[in-house]
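One structure is given here, and the rest of the page talks about it.
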Amino acid sequence: MHDQETMVSIAKAKEEWERTTLHDTLAKWPERYEQFITTSGAPVERLYTPLDIADLDYERDLGFPGQYPFTRGIHPTMYRGRLWTMRMFAGFGSAEETNARYKYLLAHGETGLSVAFDFPTLYGYDTDHPLAEGEFGKCGVAVSSLADMEILFDGIPVDEITTSMTINGPAAVIWAMYIAAAEKRGIPMAKLGGTIQNDILKEYIAQKSWLFPPEPSMRLIVDTFEFGSKYLPKWNTISISGYHIREAGATAAQELAFTLADGMTYVQAAIDRGLDVDSFAPRLSFFFNAHNDFFEEIAKFRAARRIWAHVMKERFKAKDPRSWWLRFHTQTAGCSLTAQQPENNIVRTTIQALAAVLGGTQSLHTNSMDEALALPSELAVRIALRTQQIIAHESGVANSVDPLAGSYLVESWTNRLEKEAYEYFDKIEALGGVIPAIEKGFFQREIAASAYRYQREIEERKRIVVGVNEYQMDVPLTIPLLKLDPEGERRQRERLARVRRERDNRLLQQRLAALRRAAKGTENLMPYILDAVRAYGTLGEICDVLREVFGEYREPVII
Amino acid sequence: MDISRMDDLVAQALAGDRRAIARLISTVEQGGAEARQVLSRIYPHTGRAHIVGITGAPGTGKSTLVAELAKAYRKQNLSVGIVAVDPTSPFSGGAILGDRIRMRDLATDPNIFIRSMATRGSLGGLARATADAAHVLDAAGYAVILVETVGAGQSEVDIARMAHTTLVIQMPASGDEIQAIKAGILEIADIIVVNKADLPGADQAVAALEAMLDLNSGHTEWHHGRLFQIEGVLAGGDQVKHSWRPPVLKTCALRGEGIEELVQAIAAHLQYQRESGLHQQREHDRAAEQLQRILRYTLLEQLLERIPKHALQETVEHIVAREQDPYSAAEALIAQARLLS
Amino acid sequence: MVRERKIRVLIAKPGLDGHDRGAKVVARALRDAGMEVIYTGLRQTPEMIAQAALQEDVDVVGLSILSGAHMTLVPRVMDLLKQMGLEHVAVFVGGIIPDEDVPALRCLGVKGIYGPGTALSDIVQAIRQEVEGRE
């Protein structure tokens, strides 16, 4: 940053400061902790100075926004041109209830949709499957067939608004339902924009909603890359996710490293299929967590952009600058919310959202204060959305690009996280890559150890969580919680029965048979899945065909 | 537990009641007088099951293999008992027992009984506890009992003492390096399994193991009698000369591959033992070994009851201070205890 | 050679939700408190859980449910335990359990209900009290 002479002078001055001013103060007033640590357990220095970023080369390491290596952002004007997409993750009960919630959110200024599916849907089961008992609509909306998807987006302009869908194992099937539902309204697939999460590696690593073993899962994902690049140029065919890795207990460095390692694995798989890297890489998107530690999170986002640009350009030889971009969605940390004094969660979420914005996110979900207790109520979700709007329009932080660049602390931590990520890449490489490392339980073990360490720090009061281990209150809960419509499940089951009765079952059987044949071969499965969906094959029926051919994944034993 | 309650539990367990079986396993695992009473009651009903020991280093896929074997036996309509052992944490004395994760498919089969067990400190105690748990399952009528242990040196040998057939599980090593095979491990193996055979290096691993077996057979008889040989008169009659050469099999338990062949090999080993007389000999050795162990333990227990605790402590102090040697000290304590009786 | 009597706890995740962070953290804490924890993994049906409790002769069953399906799953587990004669097994539930469901779960015989932010030491202590109080 500075010339040699200046650095020597600063170093001298710092020593002098430590010896005199600092020393006298510490003698009188010792610090609160012997060692300060971040949320991730990384040590925090008392003071950061130019000495901590002595090797930083502005043009090489930071550059200008919209230019390689994109540390300062992927767009030259960032939020001065267009604000991030305010995209609230929502879904519960039946398609009717969730459709009403989407309309409510859009009416209040939301700019993109994000679908939460219930557990049976995430696992590729229909609502009436025995394993689905008690799970209907609990953590998201149930979508068992095209009929549900039609209702879910009824009256919503899917050709104008983008939709993100958190679906992984059965992503191809749900995506096909979205495409088919639009098609029935006369909207061609080329006009559809949005995202399917479609990230199975982090399911094996952290969230555990898997269907098939790694090999066929990777094939399905590459099928969607290929199909999307041909027919849905505006669709992000994957959202490579660190969010769930972090929620499972990972540190910021682990979230960063494991997510980017997953990303590289997808890129390699698609290249191995014979796809040109620039044909699909611009449609890869990412999804990160924004946790409590403000500066560490901002540093993480900046490091992520720099690493990805470097990897795509140097390792995978992508030529299109769009392939170098790391575009990402952010969600504030669900695991940081407390059931105690839930109103405090509004403040936590605000700080986390601010970190995401200062980190240059492309879209953002802010959690509602009641999410440690139940699904968000209308009031809670509205406050969460308003939080983003206040940051965007009142705080002023969106008015200049990457305003924290040059902070000694932020730049030093950006470097540190980058370095830690590369160290993890080496470890993963040594284990044979991401999939062998999953099978050996490497990620799962790393994450479980971090989660336990974090919890112990709280128990031992090395970490204060307001309202949990300090400033507790014993007061009954006063915020109103969401109640599901008890009729929802009945409605859904009836609709499912009607679909099975009224569709052309002979046609469907032919299409399922065609899918089975294709699954046994090597063809792209998307057209077959789309055909089965159009004939009102249910999610469970289609996934059963694939389960039959591909088998089911079994988790390694890591506790 | 009072006697009539114990009699009830034993009767229920013999009739196959799973709750009673579970309770009795806890009781025998605990050891002590109650355990001995239970074991003496069930002893007449044991000796029917085929006990198969499965051992190998962590990560070789033992639990998955056990699950697949159990499924194969269920297809033959045989009931299966499983004892799965995981290590106790040396720091806390607690344990996390995770073998059931791999045995998910077996969880609700009424003809399968799975019991997880922690090593709880002493490995010697572990061998007794697993053997006793297997006896309870045997008495309760389980046809095949699979005992899976942590691959930790002595426990492997201990398993071999108890089991009719011992499987040693290996996996292909990464690169050229063949997994280091502990001395003695081949001697306890009746069947060697190279699991995860879909990984690269499986054939090399098989070849290396075969070569080691060839090397061993040059100067060692394939007899297990040696392991059971104990000093003095308790050692059984003539050693049976035999020529079972452990087969080396490849499996991929995760995909269920090679399991049928393994089940056949286990059956062949049982048949071989019966025909060669080895089965008889092993039973004899086991009984002798068990009797000696019980004698040793009971005598020790009786002796310790008669020696006051402080006398023991004082003697220890004397030994530490080199005022007395441990050999004469022991003799003196025994003599003292005899006088007291 | 009498082996020390250990508290045996079954930690299970019924239903479909895969969020096992809490279950694993609790399992480790109980291990570190000297207990033997039987961890059964994900996607357990109430039948699997009850069978495991039976075969493992556990003192305590801990159910971790974050999906909101507790009012369906917990009664099923309690019912099966009763049918198997395991009334003595103490059941604890952890996860996202709204206050209004607590009385109903207590009524079913659930001994402890733990939401986010529970101290691990509280869970350890509750289990010890429950098991030792019974002996």
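Laboratory data are not the source of any read-out in this text; all were calculated from the coordinates shown. Everything numeric in this text was worked out from a predicted model, so none of it was measured. Cβ placement follows ideal geometry from the backbone for every residue including glycine, while neighbour counts extend to all protein chains displayed.
A few remarks follow.
- 26 Å Cα-Cα reach of C:Lys24 towards lysines, excluding residues that sit fewer than 8 places from it in its own chain: A:Lys138, A:Lys202, A:Lys208, A:Lys427, A:Lys440, A:Lys462, B:Lys62, C:Lys6, C:Lys13, C:Lys111
- The stretch between A:Tyr68 and A:Ala430, if pulled fully straight at 0.36 nm per residue, gains 127.4 nm over its current Cα-Cα span.
- Projection of the Cα convex hull of segment A:314-472, averaged over all directions and equal to a quarter of that hull's surface, yields 13.0 nm².
- A straight Cα-to-Cα reach below 18 Å connects A:Lys191 with the aspartates and glutamates A:Glu150, A:Asp154, A:Asp159, A:Glu160, A:Glu183, A:Glu226, residues fewer than 8 places away in its own chain not being considered.
- Taking only Cα atoms of chain C, radius of gyration then Dmax in Å: 13.7, 50
- Sparsely packed trypsin sites (Lys or Arg not before Pro) within segment A:367-461, loop by DSSP, other Cβ within 10 Å at most 12: A:Arg461
- Test item: B:15-23 mean partner chain Cβ contacts at 10 Å: 3
- Among the GluC sites (Glu not before Pro) within segment A:30-136, those in coil by DSSP and having at most 10 neighbouring Cβ atoms inside 10 Å are A:Glu31, A:Glu34.
- Of the trypsin sites (Lys or Arg not before Pro) in segment B:1-104, the ones in a loop by DSSP (not H, G, I, E or B) with at most 16 other beta carbons within 10 Å are B:Arg48.
- Taking other C-beta atoms within 10 angstrom as a stand-in for reagent exposure, A:Lys138, A:Lys103, C:Lys6 fall in the order A:Lys103, C:Lys6, A:Lys138, fewest first.
- Label point at C:Ala104 placed 7 Å out along Cα→Cβ; residues across segment C:60-77 whose backbone nitrogen lies under 20 Å: C:63-77
- For A:Ala90, the residues whose modelled amide H falls within less than 5 Å of its own, excluding neighbours fewer than 5 places apart on the same chain, are A:Ser114, A:Val115, A:Ala116.
- The ranking of A:Arg246, A:Arg493, A:Arg82 from fewest to most other beta carbons within 10 Å of each one's beta carbon is A:Arg82, A:Arg493, A:Arg246.
- Each label point was placed 7 Å from the Cα along the Cα-to-Cβ direction; for A:Arg453 and A:Thr522 their separation is 4.4 nm.
- Separation of segment A:47-82 and segment B:269-303, taken as the distance between their Cα centroids, equals 75 angstrom.
- Going from the fewest other Cβ atoms within 10 Å to the most, the residues A:Trp17, A:Trp210 appear in the order A:Trp17, A:Trp210.
- In sequence order, segment A:287-299 has phi-based couplings of 8, 10, 9, 10, 9, 6, 6, 3, 6, 5, 5, 4, 4 Hz under the Karplus curve 6.51 cos²θ - 1.76 cosθ + 1.60, θ = phi - 60°, and Gly or Pro positions carry x.
- More than 44 angstrom apart: percent of Cα pairs within the protein assembly as shown: 42
- Note on A:467-478: average number of Cβ atoms from other chains within 10 Å of each residue's Cβ is 1.
- Karplus-derived HN-Hα couplings along segment A:482-496 (A = 6.51, B = -1.76, C = 1.60, θ = phi - 60°), whole Hz, x at Gly and Pro: 6, 10, 7, 5, x, 7, x, 5, 4, 4, 5, 5, 5, 4, 4
- Shielding by partners, peptide C:54-62 (average Cβ within 10 angstrom, other chains): 5
- Rounded to 10°, Cα long-axis angle of helix A:505-520 versus longest principal axis of chain A: 50
- In percent, rounded to a whole number, the relative contact order of chain C is 25, using alpha-carbon pairs under 8 Å and six or more apart.
- Using a Förster distance of 51 Å, the FRET efficiency for A:Arg19-A:Ser400 (Cβ separation, nearest 0.05): 0.85
- The slack between B:Glu317 and B:Gln76, meaning 0.36 nm per residue of separation minus the straight C-alpha distance, is 80.7 nm.
- Rounded to the nearest 20, the size of the Cβ-charge dipole of segment B:1-45 about its Cα centre is 100 debye, with Lys and Arg at +1 and Asp and Glu at -1.
- Near the amide H of C:Gly94, within less than 5 Å, lie the amide hydrogens of C:Leu63, C:Ser64, C:Ile65, C:Tyr114, all on another chain or at least 5 residues away, with H placed in the peptide plane.
- For the protein assembly as shown, the antiparallel share of DSSP beta bridges with both residues in that region comes to about 5%.
- Pairwise FRET efficiency - B:Tyr43 versus B:Asp109, Cβ, R0 = 22 Å, nearest 0.05: 0.20
- Segment B:139-145 - phi-based ³J(HN,Hα) in whole Hz, Karplus 6.51/-1.76/1.60, Gly and Pro as x: 4, 6, x, 6, 7, 10, 10
- Distant-in-sequence amide contacts of A:Thr195, defined by a placed amide H-H separation under 5 Å and a gap of 5 or more residues or a different chain, comprise A:Thr163, A:Ser164, A:Met165, A:Asn236.
- Rounded tilt (10° steps) of A:95-107 against the dominant C-alpha axis of chain A: 40
- Shape of segment A:409-559, Cα gyration tensor, a/c cut at 1.5: oblate
- Secondary-structure-derived ellipticity at 222 nm for chain C, considering helices only, amounts to -13500 deg cm²/dmol, per-run term -39500 (n - 2.57) for DSSP H runs with n ≥ 4.
- Summing charges over all other residues whose Cβ lies under 12 Å from the Cβ of A:Trp413, with Lys and Arg as +1 and Asp and Glu as -1, gives -4.
- Cα Rg, Dmax, segment A:58-459, angstrom units: 19.8, 59
- Eligible aspartates and glutamates near B:Lys75 by straight Cα distance, threshold 15 Å, same-chain separation 8 or greater: B:Asp105, B:Asp109, B:Glu260, B:Glu261
- Per residue, chain A reaches -14500 deg cm²/dmol at 222 nm when only DSSP H runs of four or more residues are counted, each adding -39500 (n - 2.57).
- Distance in nm between pseudo-label sites at B:Ser4 and A:Ile10 (7 Å out along the Cβ direction from Cα): 8.7
- Computed FRET value (nearest 0.05) for A:Arg315 with A:Ala107, which takes r as the C-beta separation and R₀ as 51 Å: 0.65
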